[in-house]
Amino acid sequence: MSSTTDARFPQRRDTALLMHRVAEMGDLDALRALVAMSIAELQNAYLNPEQVAASRLLMGLDTQLVDDQTYFVIEIDGQLAGCGGWSRRATLYGGDSTPGRSAALLDPRADPARIRAMYTHPAHVRKGVGRRILELCEGAASSEGFQRAELVATLSGEALYAACGYAAIERFSDARGGVAVPLVRMTKTLR
């Protein structure tokens, strides 16, 4: 078998090139920049400009996840490609400035783990970044005894979550950012 590449069969980007690690406090500035870029660019096909602006107030980085060491960074070729995490706390979605947050701990025997704050750099969509984050989160939550996971999806993320086995259980809008932003609550049974 030859080690050269056959031009008729272009190389696929292997998901093994997606490097991951637990986020650290020193990553916060880079993560905030990625989150802002992701919201600004990836929501445009689904939301009007006012809803995108409101999304910036509703969503964002939750540093509690970084403190809890349940937030992952994905890199491709040394570049920040995405981030996301899971939580054993009651807050279902939102960033540091989102009102109504709760740090109460969940009971893994009764409550679903929360999949939280997932963002992909616009240059790295459709490369397996979101799927890899979900795998990491689901594995970590399962290892702590959680049997289900729950998340709130934006319209731009709904298809990914559905393809990964999440089912929509509620469609709602959140107007706390000044304009109603459509969201989808989804759930999945973990292995």
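Some points to look at:
- MRE, 222 nm, helices only [DSSP H, n ≥ 4, -39500 (n - 2.57), over the chain, to nearest 500]: -8000 deg cm²/dmol
- Amide H contacts under 5 Å for Y166, placed H, 5+ residues apart: none
- Computed 3J(HN,Hα) for the stretch 95-111, one whole-Hz value per residue from the Karplus formula 6.51 cos²θ - 1.76 cosθ + 1.60 where θ = phi - 60°, is x, 4, 9, 6, x, x, 6, 9, 8, 4, 6, 8, 9, x, 7, 10, 10, glycine and proline marked x.
- Put in order of Cβ neighbour count within 10 Å, fewest first, the listed residues I169, I74 become I169, I74.
- Among 126-137, 79-90, the order from most to least packed when residues are scored by Cβ within 10 Å on average: 79-90, 126-137
- Degrees, to the nearest 10: 129-143 long Cα axis against longest axis of the chain: 60 degrees
- Contact order relative to length of the stretch 66-191, as percent, for alpha carbon pairs under 8 angstrom and 6 or more apart: 22 percent
- Positive minus negative residues near R21 (Lys, Arg vs Asp, Glu; Cβ under 14 Å): -2
- Local electrostatic count at A54 - Lys and Arg +1, Asp and Glu -1, tallied over other residues with Cβ under 9 Å: 0
- Note on S97 and V125: the extension gain reaches 7.5 nm, defined as 0.36 nm multiplied by sequence separation minus the Cα-Cα distance.
- Against the chain, whose longest principal axis comes from its Cα atoms, helix 28-42 is set at around 90 degrees.
- Under the simplified labelling scheme, the D67-R171 pair shows an inter-label distance of 3.6 nm, with each label point 7 Å from Cα along Cα→Cβ.
- If R0 is taken as 41 Å, the Cβ-Cβ distance between R148 and Y46 corresponds to a FRET efficiency of 0.95.
None of the figures in this text is laboratory data; all of them are computed from the coordinates on show. These numbers were taken from a predicted model, which means no experiment stands behind them. In this analysis, Cβ positions are derived from the backbone assuming ideal geometry, glycine residues included, and neighbour counts consider all displayed protein chains.
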